[in-house]
Each structure stands twice: as structure tokens, then as C-alpha cells.
1. For MET30, MET57, which order do you get if you count the other beta carbons within 10 Å of each Cβ and list the fewest first?
2. Find which of VAL240, ALA307, PHE11 sits farthest along the positive direction of the dipole of the chain, computed with +1 on the beta-carbon of Lys and Arg, -1 on that of Asp and Glu, about the Cα centre.
3. For Cα Rg over 2.2 N^0.38 Å, several values are listed as [x] 1.13; [y] 1.29; [z] 0.97; flag the one computed from this structure.
4. Over its Cα atoms, what ratio of radius of gyration to 2.2 N^0.38 Å does segment 11-139 give?
5. Among THR92, THR53, LEU39, whose Cα projects farthest towards the positive end of the dipole of the chain, with charges put on the beta-carbon of Lys, Arg (+1) and Asp, Glu (-1)?
6. Taking GluC sites (Glu not before Pro) as candidate sites, keep only those in a DSSP loop with at most 14 other Cβ atoms within 10 Å, then name the longest stretch of the chain containing none of them.
7. Can you list residues whose amide H is under 5 Å from ARG216's amide H, if they're 5+ apart or on another chain and H is modeled 1.01 Å from N?
8. Sequence gap at least 6, Cα distance under 8 Å: using those rules, report the relative contact order of the chain to the nearest whole percent.
Amino acid sequence: MVRYKINNIPFNKSIQLLEKGNIKPIYFLMGEDQYLQQLFSERLTNILFKNETIQKMMLIPDEMKSSNIIDLLTSADLFSTKKLFLLRSPSTLKGKSRDELLEYCRNPINGHFLIIMQDEYGASNKFLSSLVEITNPISCSTPFDNEMIHWAKNFFQENDINNVPLDILKSVIEIAGDSLNHLKNEIDKIAISTGSNNEIKKSDIEKFSGWKRKFRQFEFLNYLGQKKLKESMQIGRALVSQDVSMINLIYPLTEFFQELLFLKISQGTNRIKKGYTRLSPSVNKQLPNYANRYTSKEIILALKRLARIDRQLKTSRIKDESAITEFVYSTLSNG
């Protein structure tokens, strides 16, 4: 199968294009951060309608017939009224409605604007692959920790709190950096708790330290790629103790090591273009560096280990925490 790379548009760049008046009829927001999804939708709404009456409709396939969604999108307005549609989870469309959506994206109706939102990053089927080719997705994945500092500063400034020390920003991100909504909510709480005093102290942050941060899969894979045992173990065990099961980690882990093996095999040859993948952009970008840290033997052993753990999990002979601990330690300590 021919392998392609998803060329997404950075979120900040997409906002800049909107503000410059570069408006398109179709947008595809790819990534799980709902704050970014909502922010983009609000900015586009404000630009489209300004002082006009807002004509906006949410389209949710789980709550509506797929055929009705397509009818709403393709019904031309006699008075050419601008309308904004927000379609969530396009993969849940049924039957021929998928093909009809693709055709609509190729030939949108004048005056109709559509934002498609998909929480999962990647194109896991032919339909999503076609949608990616037509629309050029906008990245709405939760920002990395270094980018979170910028967002944390902005959220504090929205509460009239300026010049927050870097160590305070990092502490808040450590507590609530799993999503922008979580980060904003915690900063709003901290601002309320400090009252009129706009100086944030470590003790103000510690009041909220009981809220356990959710780690993200890409963080785990990036530490694994760097062969950092302590961090990989900490985040791997945290993931399976939260809302991710080991069986759900098997697929991305397998894909991760398959990509590393592919890079090893293709060294010195003409590389085939990278395919649609569920691995995040930050992981994909670093894959060549990670491949250099592993030998081919280590990668193959890791893949065999994953296959064995997969069989054990399906026969209920091993617990998730034991499985991730054994995998990380064996892969990074023993090769």
C-alpha cells in the first residue's frame, strides 16, 4: 500500500488565515482538544456573521439520520442566507452518506460553511483518508508542554494576573496540562482563590495538587523513543491506571515499533512516503532519531514482546500494570 503523510495546518496559522480574511467553505479539525475546536468555531462565527443573525447548526450522526445531515448541507437557501454547520465524528456517518459528504466537500454550496471535527488524530479508514486529501486538516491536538506555557500565560492574563513566574506556570501545567479546558478551569479557580491579590504563590497552586493529571499517549511514546526508562515507566503505568487499557496501547505501540523497523530496513534506499498513521505529529517527526537509538534486534524483540502480551491479555493471565511494567523494563533495560 502506498504510504502518505498527513500535512496538517498548525492551529495558530489557521487562526491567522481567518483573521486575514482567508475564509474557506470547508474546515477539518483533527485532534482531541475541545477548547481549540470551540475557539476555532467561535472565531469563524464572529468573522462570518459579525452583526448579522447567526445561523449555526450542530450535526451529530449519533443523534440524527445520516441522510438528514446530507440534506441539510445540500439544501440551497432561496435567499442565499449564510449558514455554518458543525459536523462531529464524520466516521459515524452511515452508508452512502459518506460518499455524499465527500462529494459535498469537493463541491460545496455557496453560502454554506462546514466545520468537520474529529477527536482522533489520523486517518484510520478509506473514508477519512479521502477527507484528508480534500480538506487539509487543521491540528487541534492538545499542545505540548512547551507550548502550554504560552496558553497558561494567556489564561492568567485573562484573569488580570500578569508576570507569573515560570516555575508557577510549569507547576500548573504539571497538574492540569492534559487539555486546554482543564488548564483554563484550574487557572480560573486559582485566580478566584487569590481574590484581589494578583500575585500567585506556590501555596496557591498546591491547593489544587490533588487533581491527578492525565498523561497523553504521545508523551509515553516520545519517552520510549528516547529510551528514558524512568519517565516511560511513570507515564506508562499512569496511562493504564487512568482510562487507557493495555489492550488499547498494543496497537499504537506495535505501530510505533513497526515504523522504527521500517526506518531501519529502508536506510540507504529511496524512502516510500509515510502513510496515514495514528501516531501523533510529535512522534512522527522524531521517528528517525528514535530509530537511531534502537538496534534492529531490539525493535524485533519489542514487537515479539507485544505479540506475547496481546495473547496473555486476551486470556486474562496478566494485569495491565504488570504488562506495561514488564514491557517497558524489558525493552529499555535488556533490549
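No lab work stands behind these numbers, since they all come straight from the coordinates. All figures in this text were calculated on a predicted structure; none of them were measured in a lab. Here the Cβ positions follow ideal geometry from the backbone for every residue, glycine too, while neighbour counts run over all protein chains shown.
1. Working: MET30 25, MET57 12.
In order of increasing Cβ crowding within 10 Å: MET57, MET30.
2. ALA307
3. Among [x] 1.13; [y] 1.29; [z] 0.97, the one calculated here is [x].
4. Working: Rg = 14.0 Å, N = 129, 2.2 N^0.38 = 13.9 Å.
Working it through for segment 11-139, the quotient is 1.00.
5. About the Cα centre, the residue reaching furthest to the positive side is THR92.
6. Working: sites that count: GLU52, GLU63, GLU120, GLU199.
My reading of the result: 200-335 is the longest stretch.
7. Long-range HN contacts for ARG216: none found.
8. Values: 427 pairs, mean separation 66.4, N = 335.
The normalised contact order for the chain reaches 20 percent.
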